[in-house]
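Comments concern the structure below.
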Amino acid sequence: MLLQDDEGPSTKGIRTLRQAMRESLDKRFTKVEDTKIVVLACLLDPRYKSHAFSSATTLSKAKGWLKEEEDAATQQTTREEHAATEGASMEEQAAAEEASVEEQAAAYGTHENDRNTHKRQRREHTSFRSRVDEMFSSLLAPHTSDLLASSCVEDELHLYLKEPVIDRWRGDPLQWWRQNEGRFKLLAKQARKFLCAPRSSVPSERVFSEVSAIYESKRSRLTGEHAEQLCFLHHNLVLLN
């Protein structure tokens, strides 16, 4: 609050400190709204949404970034489906070649021919039945309303921003997205990506710092085994209390 107050009795004697702190904050956070991860994480957090943005330009950039993310996800899904289709085609080709070999081998005996014919008929029946099952699965799948069926990221974002924000202290963003995933399917995927815990090297750095305090140069006769035991006790001593 001292940084926001005007010059007065409450800021007397700390003018230089206030100026230095303001310059430091400006240096670190002036361009924070140009960072994609930060902006999208804030937008997809139902506690803040776009209310924390300083201007409408940031919201426009966020919409563009969301569209790019959705396009990239769609392309990835298309590639995976194409790869799966190619794999299925190769399997069908291998099955056809196997059937051809079986037909050639069937010419050497009636009994062998009958058995191969039975296998081929069973395989054709299974293939036909699987295609029929896929057709009925597509027809009988649950259908949403026309609005949801034709929705895109822009439509979902518009509906999402119209809703009020949740409580900043008691609200759980992840729980909110679990409850509303059915209404915002595309945005929910992006929320899982940008609201996850970021990777950090702090735990490993903390271990190195603790070990360096135990295994210092003055303790030259301390063996690695004993240093490991001391580090173990340091981490687990809290469990004994």
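Considering only residues in the range 186-241 that are under 30 Å from TRP176 (Cβ atoms) and among the aliphatic types (A, V, I, L, M), the one that is most open to solvent (accessible area, probe 1.4 Å) turns out to be ALA197. Counting only helices (runs of 4 or more DSSP H) that sit completely within the range 133-241, those holding 3 or more residues that are at pLDDT 90 or above correspond to 153-162, 173-180, 185-194.
Okay, residues lined up against (1) within 21 Å of GLU154 (Cβ to Cβ); (2) part of a helix (DSSP H, G or I); (3) open to solvent by less than 80 Å² (accessible area, probe 1.4 Å); (4) of a type in the set (D, E, K, R):
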position	(1), (2), (3), (4)
LEU17	no, yes, no, no
GLU23	no, yes, no, yes
LYS27	no, yes, no, yes
GLU33	yes, yes, yes, yes
LEU40	yes, yes, yes, no
LYS49	yes, no, yes, yes
ALA52	yes, no, yes, no
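All conditions in (1) open to solvent by 70 Å² or more (accessible area, probe 1.4 Å); (2) under 23 Å from LYS36 (Cβ atoms); (3) among the hydrophobic types (A, V, I, L, M, F, W, C) hold for MET90, with the sole exception of (2). Going by the conditions given, is ASP45 assigned to a loop (DSSP other than H, G, I, E, B), modelled with pLDDT under 85 and not hydrophobic (A, V, I, L, M, F, W, C)? No, not satisfied. Checking each residue in the range 54-72 for being assigned to a helix (DSSP H, G or I) and open to solvent by 40 Å² or more (accessible area, probe 1.4 Å) picks out ALA56, THR57, SER60, LYS61, LYS63, TRP65, LYS67, GLU68, ASP71, ALA72.
The values are calculated or read from the model by the stated rules, or taken from the named source; none is laboratory data. All values derive from a computational prediction rather than experimental measurement. Positions of Cβ are generated from backbone atoms using ideal geometry, with glycine treated the same way; all protein chains shown enter the neighbour counts. Surface areas here come from the heavy atoms of the whole protein model, side chains and all, with no ligands, DNA or RNA. Shrake-Rupley method; radii C 1.70, N 1.55, O 1.52, S 1.80 Å.
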